[in-house]
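Working notes, beginning with the structure itself.
The values are calculated or read from the model by the stated rules, or taken from the named source; none is laboratory data. All of these numbers come straight from a predicted model, not from anything done at the bench. Methodologically, a virtual Cβ is constructed for each residue, glycine included, from the backbone with ideal geometry; neighbour enumeration extends over all protein chains shown.
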Amino acid sequence: MKTHKASAKRFRVTGRGKIVRRRAGKQHLLGKKNTKRRKRLSKMVQVNKSDYNNVTGALPYLKVNRNAE
């Protein structure tokens, strides 16, 4: 199976096996967003469990721990 390269650039796996992604909304129009909001948008966030099948389908070689909290 091939890895979907666009997905490989957007997702990564933590040491405990969780899939994380960047938050949307930090590319442009940042002048109207306050500092607290911009900092919050900078942080990585865990992918929802309901989306794990979609991500692992695109990235078949990820070492994912499905039991991780």
What pairs come up if the first residue lies in region 34-46 and is on the phi < 0 side of the Ramachandran plot, the second is of a type in the set (S, T, N, Q) and surrounded by fewer than 12 Cβ atoms within 10 Å (Cβ to Cβ), and their beta carbons are under 8 Å apart, counting only those six or more places apart or on different chains?
-> none
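Mind checking which residues of region 17-37 are assigned to a loop (DSSP other than H, G, I, E, B) and either touching a Cys at 6+ places or on another chain (Cβ under 6 Å) or farther than 30 Å from residue 63 by Cβ (or both)?
Looking only at region 17-37, we keep the residues that are assigned to a loop (DSSP other than H, G, I, E, B), and these are 17-18, 23-34.
Across region 17-37, the qualifying residues are 28, 29, 30, 31, 32, 33, 34.
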Identity of the residue in region 28-69, farther than 24 Å from residue 6 by Cβ and either at pLDDT below 95 or within 13 Å of the chain's Cα centre (by Cα) (or both), that ends up surrounded by the most Cβ atoms within 10 Å (Cβ to Cβ) = 68
Quick one: in region 2-16, of everything that is charged (D, E, K, R) and over 12 Å from the mean Cα position of the chain (by Cα), which residue is nearest to residue 57 (Cα to Cα)?
-> 2
Scan region 13-27 residue by residue and report those that are on the phi < 0 side of the Ramachandran plot and surrounded by 12 or more Cβ atoms within 10 Å (Cβ to Cβ).
-> 13, 14, 18, 19, 20, 21, 22, 26
